[in-house]
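J.: Take this structure, written in structure tokens, and hold onto it; I'll ask about it next.
Computed from the coordinates by the stated procedures, all read-outs in this text should not be read as laboratory data. Keep in mind it's a predicted model, so treat the numbers as computed, not measured. Cβ placement follows ideal geometry from the backbone for every residue including glycine, while neighbour counts extend to all protein chains displayed.
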Amino acid sequence: MELGRTWCLLVAVGLIVASEGQVPMSELSDLQNKAVALAAEDLHSKKNINNRFQVFSILEATEEVSYYSAGIFVRLNIMKRQTNCPKKHWNEGKECSAVNGGRVFDCYICIKYQYGSHALLSSFIDCVLSRHVNTDRRHKRSQQCKS
């Protein structure tokens, strides 16, 4: 009986942790939304991309103000899914449906904006097929954002 109760507790804790990892789009700040738009522009500018991709999951979203470096640092990790719309419509408000079995991109975004004016100072955007994200790539992404 004790093992069953422990197992249920572990499952419940696992569900709570998993739900905390998702950030709703409605909770993103203006600068985070700007970073998502920059990542969309970057992904849709690639020649091997023919369809529009839309965000379906936000795994991480942080925004830090650094008075020392006079900047605002935004870091996001988003998942984008292939849709049935052509990429030429990526920045239009047109509704597109996700393609079953379509490609999924994992995008890691680090952007520094100037404090006050919100001008773009530097950016790092790495959007790759989700199956190509491994421990080594995660480490490199993290290191790139620190520099």
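J.: Give me, ordered by chain and number, the residues 5 or more places off residue 57 or on other chains with an amide H under 5 Å from its own placed amide H.
T.: Under 5 Å from the amide H of residue 57: 79.
J.: Collect residues whose amide H, placed 1.01 Å from N in the peptide plane, falls under 5 Å from the amide H of residue 115; neighbours closer than 5 in sequence don't count.
T.: 71, 72
J.: For a quick check of your reading of the filter: which chymotrypsin sites (Phe, Trp or Tyr not before Pro) in the range 56-117 sit in a DSSP loop and have no more than 16 other Cβ atoms within 10 Å?
T.: 67, 68, 115
J.: Out of the trypsin sites (Lys or Arg not before Pro) in the range 72-145, which ones are loop residues according to DSSP with at most 12 other C-beta atoms within 10 Å?
T.: Here the sparse-neighbourhood loop sites are 94.
J.: Go ahead and run the numbers for FRET between residue 146 and residue 123, Cβ-Cβ distance against an R0 of 22 Å, rounding to 0.05.
T.: 0.95
J.: If the cut-off is a Cα-Cα distance under 18 Å, which lysines reach residue 46, setting aside same-chain residues fewer than 8 apart in sequence?
T.: 80, 87, 88
J.: Read phi for every residue in the range 123-133 and hand back ³J(HN,Hα) as whole Hz from Karplus 6.51 cos²θ - 1.76 cosθ + 1.60, θ = phi - 60°, with x for Gly and Pro.
T.: 8, 9, 10, 10, 10, 9, 4, 4, 5, 8, 8
J.: Sticking with this structure for a sec: Contour minus end-to-end for residue 30 and residue 94, with contour as 0.36 nm per residue of separation and end-to-end as the Cα-Cα distance?
T.: So the chain would gain 20.9 nm between residue 30 and residue 94.
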